[in-house]
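Comments concern the structure below.
The values are calculated or read from the model by the stated rules, or taken from the named source; none is laboratory data. Quantities reported herein were computed from a predicted structural model and do not represent experimental measurements. Because the Cβ atoms are built from the backbone with ideal geometry, glycine has one as well, and the counts that use them run over all protein chains shown. Quick note on the areas: whole protein, heavy atoms, side chains included, nothing else; ligands and nucleic acids left out. Shrake-Rupley method; radii C 1.70, N 1.55, O 1.52, S 1.80 Å.
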Amino acid sequence: MGGAAPVGGAEIGYEFEPAGWVDLTDACHHYQGKHEVPWDIQKYFSQRYSIFTYYDDGIHMTDDAWFGVTPEPIANQIAGEMKVSDKKNKVLIDVFCGAGGNTIAFALTERWDRIISIERDAATLACAQNNASVYGVDDDYITWVHGDSFAFLKTLFSNPSALHPDLQVDINATILFASPPWGGPGYSTDEIFNLDNMQPYSISDLHEAYRPLDHALFLPRTSDLRQLAMLAPEDKKIDVVQLCMEGASKALVAYIPGRGFEKV
């Protein structure tokens, strides 16, 4: 985030710029055996080939990224079924890129003219770029951003000229995808999960930031559907798709129509 670009001999400062290539750091790990893995992520490591089929080919993860990465079959299902209009949505912004699982799946569909992937942790972003390379995704197809996605969207909506030209998009052709952290009391145990309890971002925090645009939210399978229904703009509906793996529901995606700017 930040920086300047030379134009006609002058320096123009932008609030956000493409990240460029970020080198892997000591926080980026390719664990090869369970004995190397911290105890609290060992269960995720045992599922590593469900998370990334090509794990052995050089996939890297930060320890925190294991908790939030979307398993590859689920990411592929989302990417293949994304509720888009071929005439409208040509740009996808992945606002919680993480280690790159969803971004990679979206890129491999080749359904998008542009993908912008945002991650605020530099080491996790380095892992995402590395992992996309492992999967053979063209570097030119994804524009990576190191920064806070809420600040990025605020700039996009209110002052788009403050974005680097490579990050300026046609708002009317853009959809957001968010796989936010689910932390909070009850998400894994409650029969119906109160989305206001998600941490650090509640459903209200997310919707307030995203509501001008169509947005897809990746949420716990037990999410309270009544709370989601209340987010629908007048005279529109929200589509909810349950995502299954090995015969069991793992999560859901809620497709929420944008309200536009005149009603915000």
Pick from segment 158-169 the residues that are under 19 Å from the mean Cα position of the chain (by Cα) and in a loop (DSSP other than H, G, I, E, B): which of them is surrounded by the most Cβ atoms within 10 Å (Cβ to Cβ)?
-> Val169
Six or more apart or on different chains, Cβ under 6 Å: which pairs go from a residue in segment 170-184 that's without any contact (Cβ under 8 Å) to a residue 24 or more places away in the chain to one that's of a type outside the set (Gly, Ala, Ser)? Could you list them?
-> Gly183/Gln199; Gly184/Asn197; Gly184/Met198; Gly184/Gln199
So how many residues does segment 99-114 have that are of a type in the set (A, V, I, L, M, F, W, C), assigned to a loop (DSSP other than H, G, I, E, B) and surrounded by fewer than 24 Cβ atoms within 10 Å (Cβ to Cβ)?
-> 1
Out of segment 174-201, which residues are of a type in the set (A, V, I, L, M, F, W, C) and buried (at least 17 other Cβ atoms within 10 Å of the Cβ)?
-> Ile175, Leu176, Phe177, Ala178, Trp182, Phe193, Leu195, Met198
Among (1) under 13 Å from Ala19 (Cβ atoms); (2) in contact with a helix residue (DSSP H, G or I) (Cβ under 9 Å, 6 or more places away or on another chain), which single condition is His164 missing?
-> (2)
Would you say Phe67 is modelled with pLDDT of 90 or more, in contact with a Phe, Trp or Tyr (Cβ under 8 Å, 6 or more places away or on another chain) and surrounded by fewer than 19 Cβ atoms within 10 Å (Cβ to Cβ)?
-> yes
Candidates Phe96, Phe150 - the one that is of a type outside the set (Asp, Glu), part of a loop (DSSP other than H, G, I, E, B), open to solvent by less than 60 Å² (accessible area, probe 1.4 Å) and at pLDDT 95 or above = Phe96
Residue check, Leu225 modelled with pLDDT of 90 or more and within 24 Å of Cys97 (Cβ to Cβ) = no
Filtering segment 202-223 down to residues that are open to solvent by less than 20 Å² (accessible area, probe 1.4 Å), within 19 Å of Asp190 (Cα to Cα) and not polar (S, T, N, Q) yields Ile203, Phe218, Leu219, Pro220
Looking only at segment 115-129, decide whether some residue is modelled with pLDDT under 95, closer than 29 Å to Tyr255 by Cα, within 16 Å of the chain's Cα centre (by Cα) and not in a helix (DSSP H, G or I).
-> no
Test result for Val84, open to solvent by less than 50 Å² (accessible area, probe 1.4 Å), at pLDDT below 95 and not hydroxyl-bearing (Ser, Thr, Tyr) = yes
Of all residues making up segment 224-264, the number that are over 22 Å from Lys154 (Cα atoms) and open to solvent by 90 Å² or more (accessible area, probe 1.4 Å) | 9
Pairs with Cβ under 8 Å, 6+ apart, first in segment 139-161 and over 24 Å from Arg111 (Cβ atoms), second assigned to a helix (DSSP H, G or I) and open to solvent by less than 10 Å² (accessible area, probe 1.4 Å) | His146/Leu125
Out of (1) open to solvent by 50 Å² or more (accessible area, probe 1.4 Å); (2) in contact with a helix residue (DSSP H, G or I) (Cβ under 9 Å, 6 or more places away or on another chain); (3) at pLDDT below 95, what's the single condition that is false for Tyr54?
-> (3)
